[in-house]
Amino acid sequence: MVNGPDRLQPPLLTRKQMAAMSRQDLLRYNDIRHVWHANIGPIKTPQLLELHADLYEIVGSNRQDGDKAKPAALVDAYPGIGKSTAVREFGRDFHQEQIKVRGETTPEGQRRVPVIYIALTGNTQIRGLNAAICRFYRLPTSGDADTLAERAVDAVLSLRTSIFIIDDIHFLASANSNSARLVNQLKFLSNTFPVTLIYVGVGVRDRGILNEGRSSTEALHAQFGRRTTALTLRPFQVEDEPGRVEFRKVLLTIEKKLVLADKYPGMLADDLADHLLARSSGHFASLMALINRGCYRAITTGRERLDVELMSKIKNDAAAEEERLELVAAIEAGLLTAKPQRRSARKSA
């Protein structure tokens with residue numbers, strides 16, 4: 001992910017140019033477009049930029065000596081907001097930045113690894129967590145939890161790792177006997193490794209992991225919460241003018257990345273804004289899935305553009321579809337719109 005080349009946007013061909021292609025070349029061109037539309041992003045939304053700024057501030061100020069625990073960050077947000085993608089992109093940017101500043105190798109000649117990323121599963125145990133860290137470093141995963149921890153500590157120090165990204169931390173927050181042990185392991189990580197820990201999860205604060213499952217009065221004694229800064233990634237909100245302007249800018253950015261012969265300025269941002277809002281409920285992952293599938297249908301049917309008729313036939317994720325009727329009703333009643341009002345007023349004039 002870090003060292004791979006950036007994906008190149010396919011050329012935008014006209015219908016005439018596509019008609020002049022052989023069938024084989026057209027199939028290849030369409031296949032390239034399908035792959036491109038499925039991998040658009042990450043889009044530098046205001047939400048993503050705000051999150052990155054907060055993470056850079058936390059990581060950049062964590063210059064405490066190695067024997068001092070560094071404050072951690074928890075990115076806790078709804079599913080489908082794009083939090084994992086946003087944090088991975090932050091990790092990628094930070095990695096590349098560190099390589100530019102400090103070089104690809106350490107002073108001792110070791111490969112520099114500024115960031116590691118691991119994703120937890122529902123049955124993660126303490127040993128499994130340590131093994132995942134070792135696996136990332138391509139170290140042996142034999143031995144007990146303590147042996148694995150010692151290997152991981154040596155790798156962190158030798159390879160100059162600065163950040164651990166631990167995704168799907170909500171798997172640790174369920175109400176079972178292992179939760180307290182795993183929270184203690186995370187505290188052990190913060191005490192042992194001279195790194196900034198960035199946790200990513202869903203509903204973590206509501207499940208009590210920050211106060212270690214204690215009551216509200218006992219939560220004052222929970223070290224994990226004191227050492228962790230809670231961040232979030234908000235969905236798109238169009239209840240006010242700044243939110244509508246923000247959503248429009250994102251749609252305009254996505255528009256520029258679509259490779260459809262008959263696309264036009266405002267195809268998404270003007271003519272489909274309300275429809276896309278209602279179909280995605282403001283969740284970025286739902287929005288991109290809808291647009292990706294729309295582009296696939298537009299190419300395979302020869303439509304080469306997105307419009308309400310085509311998009312209405314696209315099925316989206318269950319959560320977005322469940323909220324669809326309520327949002328459509330609000331839009332049709334004039335109670336909600338994704339279109340900036342000042343822009344609408346100018347067009348009417």
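The values are calculated or read from the model by the stated rules, or taken from the named source; none is laboratory data. Note that this is a predicted model, so its numbers are computed, not measured. Every residue, glycine among them, receives a Cβ derived from its backbone with ideal geometry; neighbour counts consider all protein chains shown. Side chains are part of the model used for accessible areas, which takes the heavy atoms of the whole protein and leaves out ligands, DNA and RNA. Shrake-Rupley method; radii C 1.70, N 1.55, O 1.52, S 1.80 Å.
Residue-by-condition table, conditions (1) touching an Asp or Glu at 6+ places or on another chain (Cβ under 8 Å); (2) within 30 Å of Pro46 (Cα to Cα):
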{"site": "Val59", "(1), (2)": "no, yes"}
{"site": "Arg63", "(1), (2)": "no, yes"}
{"site": "Lys68", "(1), (2)": "no, no"}
{"site": "Asp76", "(1), (2)": "no, yes"}
{"site": "Gln98", "(1), (2)": "no, yes"}
{"site": "Arg112", "(1), (2)": "yes, no"}
{"site": "Ile118", "(1), (2)": "yes, yes"}
{"site": "Gln125", "(1), (2)": "no, no"}
{"site": "Ile133", "(1), (2)": "no, no"}
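Residues that are at pLDDT below 95 and assigned to a loop (DSSP other than H, G, I, E, B) were ranked within the range 113-123; the one that is least open to solvent (accessible area, probe 1.4 Å) is Leu120.
No other residue among Ala319, Ala329, Ala289 is open to solvent by 30 Å² or more (accessible area, probe 1.4 Å), small (Gly, Ala, Ser), in contact (Cβ under 8 Å) with a residue 12 or more places away in the chain and assigned to a helix (DSSP H, G or I) apart from Ala319.
From the list Gly266, Gly302, Gly243, the lone residue that is open to solvent by less than 60 Å² (accessible area, probe 1.4 Å) and assigned to a helix (DSSP H, G or I) is Gly243.
Consider the range 9-55 and keep the residues that are modelled with pLDDT of 95 or more and touching an Asp or Glu at 6+ places or on another chain (Cβ under 8 Å). The one that is most open to solvent (accessible area, probe 1.4 Å) is Arg15. I'd like to check something: does the range 74-96 contain any residue that is within 23 Å of Ala230 (Cα to Cα), surrounded by 15 or more Cβ atoms within 10 Å (Cβ to Cβ), at pLDDT below 90 and aromatic (Phe, Trp, Tyr)? For the range 74-96, residues within 23 Å of Ala230 (Cα to Cα), surrounded by 15 or more Cβ atoms within 10 Å (Cβ to Cβ), at pLDDT below 90 and aromatic (Phe, Trp, Tyr): present. Pairs meeting the criteria (first residue in the range 134-161 and farther than 20 Å from Asn62 by Cα and among the charged types (D, E, K, R), second residue assigned to a helix (DSSP H, G or I) and open to solvent by 50 Å² or more (accessible area, probe 1.4 Å), beta carbons under 9 Å, at least 6 apart or on different chains) are Asp144/Arg127.
Total residues in the range 97-112 satisfying the condition of being in a loop (DSSP other than H, G, I, E, B), surrounded by 15 or more Cβ atoms within 10 Å (Cβ to Cβ) and either of a type in the set (A, V, I, L, M) or touching a strand residue (DSSP E or B) at 6+ places or on another chain (Cβ under 9 Å) (or both): the figure is 1.
Mind checking which residues of the range 269-279 are open to solvent by less than 10 Å² (accessible area, probe 1.4 Å) and over 10 Å from Ala338 (Cβ atoms)? Correct list: Arg279 only. The set of residues in the range 9-50 being more than 30 Å from Val75 (Cα to Cα) and part of a loop (DSSP other than H, G, I, E, B) consists of Gln9, Pro10, Pro11, Leu12, Leu13, Thr14, Ala20, Met21, Ser22.
Pairs meeting the criteria (first residue in the range 1-24 and over 30 Å from Ile118 (Cα atoms), second residue among the acidic types (Asp, Glu) and open to solvent by less than 80 Å² (accessible area, probe 1.4 Å), beta carbons under 8 Å, at least 6 apart or on different chains) are Arg15/Asp262; Arg15/Glu304.
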